[in-house]
């Protein structure tokens with residue numbers, strides 16, 4: 001029997017649910033069809049809308065399945081039974097992860113209502129590390145980069161398809177890994193476009209508890225996905241000219257390692273630039289390309305260190321021509 005819910009109770013679209021729980025959309029649909037694992041509501045456009053309780057339930061089930069339980073054995077357990085099966089904890093942890101209850105996400109906020117929501121709390125910092133609350137975009141752009149948030153929370157009265165580019169720009173300016181978009185109205189085409197960019201969408205109004213849970217779930221899921229890297233782009237040790245000098249000088253040596261290292265650095269530098277351009281031009285996943293940009297830059301820096309060591313050992317003295325700023 002389908003559960004009747006108001007729109008204020010059923011706020012989360014399937015794309016957001018899948019990102020927060022780590023369940024693939026096709027898997028979630030199959031679990032719904034075979035086991036009636038959750039019973040989402042529907043909006044007037046017939047899109048499925050999930051409650052916070054659905055996300056909690058799906059997260060518990062996903063973790064049990066990951067630990068080896070068959071979906072058929074846990075699909076119809078009550079929420080209390082699921083928690084008990086995980087040792088009376090909402091989330092399980094491994095040696096390399098942190099329990100969401102212990103996570104205190106660092107956020108920067110842009111929007112009048114959401115800023116007021118946080119400021120009304122007696123002690124919001126106990127559960128969220130609020131780096132900054134901003135009511136206008138100019139202030140956000142000026143300060144968010146210095147705030148170094150993990151997440152940015154953006155408020156929109158309405159969302160349009162072209163808002164995805166603006167949100168990607170705000171992500172880049174802030175250095176955050178993810179954006180939570182709180183909106184009041186939006187066409188289905190616009191919401192689908194934002195979901196393609198992997199932003200987390202939730203319809204207003206929202207309580208502080210819901211915001212806190214959403215931030216914690218987002219950071220927890222991020223920890224299980226793309227690895228964290230420093231956002232700083234290492235300075236290039238060698239100019240293109242210096243690399244050519246080393247490669248040409250190495251031709252007279254029996255060891256060809258310097259030549260191969262030069263080739264690796266050139267390739268990584270090129271990919272570093274390419275991945276940076278993808279962040280701007282590719283409308284799919286800014287987070288992944290930000291990670292690729294940082295990873296390629298740090299890999300390039302490691303190989304540059306190796307080249308410095310090898311070149312000096314071979315008497316090539318590479319330090320004579322360095323200090324060119326790398327792609328940033």
If we ask which residues in the range 135-155 are crowded, with 20+ Cβ neighbours inside 10 Å and over 20 Å from the mean Cα position of the chain (by Cα), their number turns out to be 0
query: Is it the case that the range 11-24 has a residue that's crowded, with 16+ Cβ neighbours inside 10 Å, at pLDDT 85 or above and farther than 23 Å from residue 208 by Cα?
result: yes
Checklist entry - Quick check: anything in the range 28-40 closer than 21 Å to residue 193 by Cα, surrounded by fewer than 19 Cβ atoms within 10 Å (Cβ to Cβ), modelled with pLDDT of 85 or more and not assigned by TED's automatic domain parsing to the domain that holds residue 128? => result yes
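The values are calculated or read from the model by the stated rules, or taken from the named source; none is laboratory data. If you're wondering where the values come from, they're calculated on a predicted model, not measured in any experiment. Don't worry about glycine lacking a Cβ; one is built from the backbone with ideal geometry, like all the others, and counts go over all protein chains shown.
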